[in-house]
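What follows is a set of notes on a single structure, which appears directly below.
The values are calculated or read from the model by the stated rules, or taken from the named source; none is laboratory data. As the structure is a prediction and not an experimental result, all values here were calculated from the model. Because the Cβ atoms are built from the backbone with ideal geometry, glycine has one as well, and the counts that use them run over all protein chains shown.
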Amino acid sequence: MNSRTPLVLGASAGALTLALAVPAAAAPGVSADSAAGEGKAAVSVFHGVPGLTVDVYADGARLLDDFTPGTVSEPRPLDAGTYDIQVYPGDHGPDDGTPAVQKKIEVPAGASATIAAHLSADGKPQLTAFVEDETRLDAGKAGLTVRHVAAAPSVDVRADGKPVFTALENPQQATTTTDAGAVSADVVLAGTGTVAIGPADLNLEEGTSTVVYAWGSAADKNLGLATQTLGGRESAPDAVHAGGAPVASGSAAQWPAAAFVAGTAAVAGALAVRRTATRRG
């Protein structure tokens, strides 16, 4: 359906943060269910630290090479366990570098999540794990999630000029259900009409989840938008998809920061992964 349709708020607005781990995730319409298996989780990684290409390591083994800002990896199966995630600036690793970001993350079996490497509200690199909404959607519906992972103050997210999510802070996410079709979305300073990002047209495909990341730094005027599309939420396996092409995984549009003023952007960050997998003996 090509007509613009109003969003119907139908889910939680807030931080859904889970301890999880690193490699991989999100091509248009990819089902996280298809990546998960017995004793495994489906995990994607989003790189939201501006100006820095990184390598991601797990237990000394390189998992992602030359990972560029504003991109998201495809969902891939990951053994359940505990991982020591390390992110190094590109072309460095455990033998010749110090990770800019390091964190132990637990990956439970059967989970579907995305790990975001991003800036905190005050501009420090950090890792946050987000749980994906996997509830089934009615025919003609699509899921929309917005994640605030930018060095910036709290924001409101609008659809066709009307607030949908309000007072969203870093690193929170908010989720809703809407009619499939085109929506014009923008991000404004919380409680104001001052546009910080957008507007941008999103094509929400039936039976999928579109995840929108607001990332970058307001102080450095490099705020950007990245999108991730995950499938597998159809109410029936043979559900027919409505019109509208899915938003390409890892797509990023740099938008002006406008009057979006916020904390410092100490962008020395990066990701990395060293896995200390906890396995069954």
Practice task
Identify all residues within segment 94-124 that are small (G, A, S) and touching a residue at least 60 places away in the same chain (Cβ under 8 Å); write none if there are none.
Solution key: A100, A109, G110, A111, S112, A113, A116, A117, A121, G123
Exercise for the section: Please go through segment 55-74 and pick out each residue that is charged (D, E, K, R) and in a strand (DSSP E or B). Expected result: D55, R62, D65, D66
Practice task
Run P77 past the list (1) surrounded by fewer than 21 Cβ atoms within 10 Å (Cβ to Cβ); (2) in a loop (DSSP other than H, G, I, E, B); (3) touching a Lys or Arg at 6+ places or on another chain (Cβ under 7 Å) and report the number of the one that doesn't hold.
Solution key: (2)
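Okay, residues lined up against (1) within 30 Å of V155 (Cα to Cα); (2) of a type in the set (D, E):
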site: A42; (1), (2): yes, no
site: R62; (1), (2): no, no
site: D66; (1), (2): no, yes
site: G81; (1), (2): no, no
site: A109; (1), (2): no, no
site: S120; (1), (2): yes, no
site: F130; (1), (2): yes, no
site: K141; (1), (2): yes, no
Exercise for the section: Those residues that are within 14 Å of D59 (Cβ to Cβ) and surrounded by fewer than 23 Cβ atoms within 10 Å (Cβ to Cβ), I need them from segment 82-95; list them, please. Expected result: T82, D84, G93, P94, D95
Practice task
Would you point out which residue out of G216, G191 is in contact (Cβ under 8 Å) with a residue 12 or more places away in the chain and outside any strand (DSSP E or B)?
Solution key: G191
Exercise for the section: Sort out which residues of segment 93-122 are modelled with pLDDT under 90 and in contact with a Ser or Thr (Cβ under 8 Å, 6 or more places away or on another chain), and write them in order of number. Expected result: K104, I105, E106, V107, A113, T114, I115
Practice task
Having 1 or more residues that are buried (at least 16 other Cβ atoms within 10 Å of the Cβ) and touching a helix residue (DSSP H, G or I) at 6+ places or on another chain (Cβ under 9 Å) is the bar; report the strands (runs of 3 or more DSSP E) wholly within segment 96-140 that clear it.
Solution key: 112-119
Completion exercise
Output for Cβ contacts, cut-off 8 Å, separation at least six or different chains, first residue assigned to a loop (DSSP other than H, G, I, E, B) in segment 167-188, second of a type in the set (K, R), reads P171/R147; Q172/R147; A180/K141
Fill in the blank from the handout: Filtering segment 39-54 down to residues that are under 18 Å from the mean Cα position of the chain (by Cα) and either in a strand (DSSP E or B) or free of Cβ contacts under 8 Å to residues at least 24 places away in the same chain (or both) yields A41, A42, V43, S44, V45, F46, H47, G48, V54
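Yes/no per residue for (1) crowded, with 24+ Cβ neighbours inside 10 Å; (2) under 22 Å from A121 (Cβ atoms):
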| site | (1), (2) |
| --- | --- |
| R147 | yes, yes |
| A174 | no, yes |
| I197 | yes, yes |
| D201 | no, no |
| V212 | no, yes |
| D220 | no, yes |
| S235 | no, no |
Practice task
Report, by residue number, each residue of segment 125-154 that is touching a Gly at 6+ places or on another chain (Cβ under 7 Å) and under 18 Å from P75 (Cα atoms).
Solution key: D133
Practice task
Would you confirm whether any residue within segment 41-48 is more than 25 Å from L225 (Cβ to Cβ) and either of a type in the set (V, I, T) or at pLDDT below 50 (or both)?
Solution key: no
